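Structure, as structure tokens:
The values are calculated or read from the model by the stated rules, or taken from the named source; none is laboratory data. All values reported here derive from a predicted model rather than from experimental measurement. Here the Cβ positions follow ideal geometry from the backbone for every residue, glycine too, while neighbour counts run over all protein chains shown.
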Amino acid sequence: MVETTSPAFADAAATWNQRFSAEGYLFGTEPNRYLREHAARWASGSRLLCVADGDGRNSVWLAQRGMAVDAFDISEVGVRKAELLARAANVAVRYDVSDCEDWRWPQDHYGVVAIFVQFADPTMRGRLFPQMIEALRPGGLLVLQGFTPTQLDYKTGGPPRVSHLYTADLLRREFAAIDVLDLREYEDDLAEGTQHRGRSTPPTARKRLTVPRDNFSKQPRPYACRGRACLAQAE
């Protein structure tokens, strides 16, 4: 496993503005594969938040499915391109330029909160994860996807710092208070723009973890299971 010794972004907004300034869409215009394959989970009419949405591929696709979508990203350039993508698709998405620290997190507001990146170090995760979960309404879902430490060997995308990567044990600890519907570690063959590309077997494969989760509050809530899903319900 090889990890970079360079520091984190000194200016994250400037870094991502530069990256999103490249011609075309950095991660393509097709939605995240897991998001698409589990489309039945995202009910039309639900209010949904896309965290660190980049240049809009996920938020636009969700809006096309009839959802009321809010999205934000630290990059002004990325948000501007997302707005163009939404206009071309003839959908409405409420975009904001913001980082996770300054975003005004509402409580009990969203049916789904989705994030498909892992830019946060452990200190930031300690603030970000609770904010994301508290933004969910009772019974809401959180979808989290990122790379495992094995990705450092594959070098096909993702952060080059092990502190930013996920393991199943880490996620179980971070979300110990909530009900897990799906915790999966797998290898995939991705072709998402110019940034996420690689086979599903070593040495160019990547591993990612996907964790859709139920809503929870600071105080434990009782769980009521219906069918195969187990959703948190407020008292």
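Look through ALA10, ALA68 and report the one residue that is surrounded by fewer than 18 Cβ atoms within 10 Å (Cβ to Cβ), of a type in the set (A, V, I, L, M, F, W, C) and within 21 Å of LEU141 (Cβ to Cβ). Lay out the reasoning, then the answer.
On the way: ALA10 fails: within 21 Å of LEU141 (Cβ to Cβ).
One residue alone meets the criteria, ALA68.
Please determine, by comparing only the residues of the range 68-82 that are without any contact (Cβ under 8 Å) to a residue 40 or more places away in the chain and hydrophobic (A, V, I, L, M, F, W, C), which one is farthest from ALA14 (Cα to Cα).
Here the residue is ALA68.
I want to confirm something. Restricting to the range 126-177 and keeping residues that are at pLDDT below 90 and among the charged types (D, E, K, R), which single residue is farthest from PHE27 (Cα to Cα)?
Ranking the qualifying residues of the range 126-177, first place goes to ARG173.
Specify which of the listed residues (SER46, SER75, SER59) is buried (at least 19 other Cβ atoms within 10 Å of the Cβ), closer than 24 Å to LEU183 by Cα and modelled with pLDDT of 95 or more.
Checking each option against the conditions leaves just SER59.
Only one of these conditions is not met by LEU141: (1) in contact with a Lys or Arg (Cβ under 8 Å, 6 or more places away or on another chain); (2) more than 22 Å from ASN58 (Cα to Cα). Which number is it?
(2)
Can you give me the number of residues within the range 9-61 that are aliphatic (A, V, I, L, M), assigned to a helix (DSSP H, G or I), within 24 Å of MET132 (Cα to Cα) and over 12 Å from the mean Cα position of the chain (by Cα)? Quick ask: steps written out before the conclusion?
Step one: of the range 9-61, the residues aliphatic (A, V, I, L, M) are 10, 12-14, 22, 26, 35, 39-40, 43, 48-49, 51-52, 60.
Those left that are additionally assigned to a helix (DSSP H, G or I): 12-14, 35, 39-40, 60.
Still in the list and also within 24 Å of MET132 (Cα to Cα): 12-13, 35, 39-40, 60.
Subset that is over 12 Å from the mean Cα position of the chain (by Cα): 12-13, 39-40, 60.
The qualifying residues number 5.
So which residues in the range 110-150 are in a loop (DSSP other than H, G, I, E, B) and in contact with a His (Cβ under 9 Å, 6 or more places away or on another chain)? Can you show your working first?
Taking the range 110-150 and keeping what is in a loop (DSSP other than H, G, I, E, B), we get 116-121, 135, 148-150.
Matches in the range 110-150: GLN118, PHE119, ALA120, ASP121, ALA135.
Out of (1) at pLDDT 95 or above; (2) of a type in the set (S, T, N, Q); (3) part of a loop (DSSP other than H, G, I, E, B); (4) under 26 Å from LEU165 (Cβ atoms), the odd one out for ASN90 is which?
Checking ASN90 against (1) at pLDDT 95 or above; (2) of a type in the set (S, T, N, Q); (3) part of a loop (DSSP other than H, G, I, E, B); (4) under 26 Å from LEU165 (Cβ atoms), the one that fails is (4).
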